[in-house]
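For reference, the structure is listed below as structure tokens.
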């Protein structure tokens, strides 16, 4: 019996369970056994797996999070752990491994593939910054969550005649902040790809008040660099196993600068993990199932070392190198949409 292993790594997001459903459903169609690996690469290193039948997944496509659990464990952190991961794939009798995750998860998958593991990748990041795919699962659900949050903050900011600064996820790329800010009518949108001018931000805030618009809503990506600090604002300098510090606090820095320079009342809000939670949108459910199907199709074809991606309306395959290297940032031609609601 051909055995397929599947795991979810890195941060959770809406749509992961839809992918898992797609993998199990398609795998059973082909007569494969599908084994779920618990808690991402951490479960692979400790050999924690469970067989998945259709009864285990039939009602999960609409659930947020991941029924398999996840972690930020990096099996490529050391040669010893990488060797253990490869050995465990063999010990568990897995004939292929489907890894669902972002650039870190896929980067580790690439190293496993280079050591002989038959790997297929499924890109996942709500930041939408992977270069090989147009959109990642969870992104549009997160945009909807951000838009709904901004809708609520409009009413409280307007009632109190204050500036409200909303911090949104996005370490290197501003896709979430741009699209969420547009959908939620943010008056000012600040993204990592565009240089921040605090004097310009304050000018807009003051001009809006002078012409009878007593409040301003600002959407800012967590990865924005503020000129006064000259670096990213971090919540914790402690690094995870992939070398990332935990960002957080840029909205608070902006709040203090705006109050100091304009005298106008301001408040900051960090949306944080709210952006990852909740049930996936119809779009992300359909996308997740399609990606799961395509991943198993590649397994059946023996086409390993590839990732399944969305290109336009089609689900296609690209080499893991392309899916896991570099960053897909907001292109300059979209920067003009950061000030759609300024006036």
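Every number in this text was worked out from the coordinates using simple rules, so none of it is lab data. Since the model is a prediction, treat every value here as computed from it, not as a measurement. Every residue, glycine as well, gets a Cβ built from its backbone with ideal geometry; the counts of neighbours run over all protein chains shown.
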**Asked** Using the 10 angstrom Cβ neighbour count as an exposure proxy, how do 42, 51 rank, fewest first?
**Response** 51, 42
**Prompt:** Where the centroid of each part is defined by its Cα atoms, how far is segment 101-135 from segment 1-75 in Å?
**Reply:** 15 Å
**Prompt:** If you average the sequence gap of Cα pairs under 8 Å that are 6 or more apart and divide by the length of the chain, what percent do you get for the contact order?
**Reply:** 24 percent
**Prompt:** By counting other Cβ atoms within 10 Å of each Cβ, how are 1, 164 ranked from fewest to most?
**Reply:** 1, 164
**Request:** Evaluate the distance, in nm, between pseudo-label points positioned 7 Å from the Cα of residue 48 and of residue 195 along their respective Cα→Cβ axes.
**Result:** 4.9 nm
**Request:** Just need the relative contact order of segment 1-114 here, percent rounded to a whole number, with Cα pairs under 8 Å and 6+ apart.
**Result:** 38 percent
**Asked** In terms of the Cα gyration tensor, with a ≥ b ≥ c the square roots of its eigenvalues, is segment 1-96 rounded because a/c is under 1.5, prolate because a/b exceeds b/c, or oblate?
**Response** oblate
**segment 259-343: relative contact order in percent, alpha carbon pairs under 8 Å with at least 6 residues between** = 15 percent
**Asked** Order of 70, 155 from fewest to most other C-beta atoms within 10 Å?
**Response** 155, 70
**Request:** Tell me the label-point distance for the pair residue 325, residue 256, using the 7 Å Cα-to-Cβ offset, in nm and rounded to one decimal.
**Result:** 4.1 nm
**Request:** Please label the shape of segment 143-213 as rounded, prolate or oblate, based on the square roots a ≥ b ≥ c of the eigenvalues of the alpha-carbon gyration tensor (a/c under 1.5 means rounded; beyond that, a/b larger than b/c means prolate, else oblate).
**Result:** oblate
**Cα pair count fraction exceeding 24 Å, expressed as % - the chain** = 55 percent
**Request:** With runs of 4+ DSSP H residues as the only contributors, calculate the mean residue ellipticity of the chain at 222 nm using -39,500 (n - 2.57) per run, divided by the residue total and rounded to the nearest 500.
**Result:** -12000 deg cm²/dmol
**Prompt:** R0 = 41 Å: FRET efficiency of residue 161 with residue 62, Cβ-based, nearest 0.05?
**Reply:** 0.50
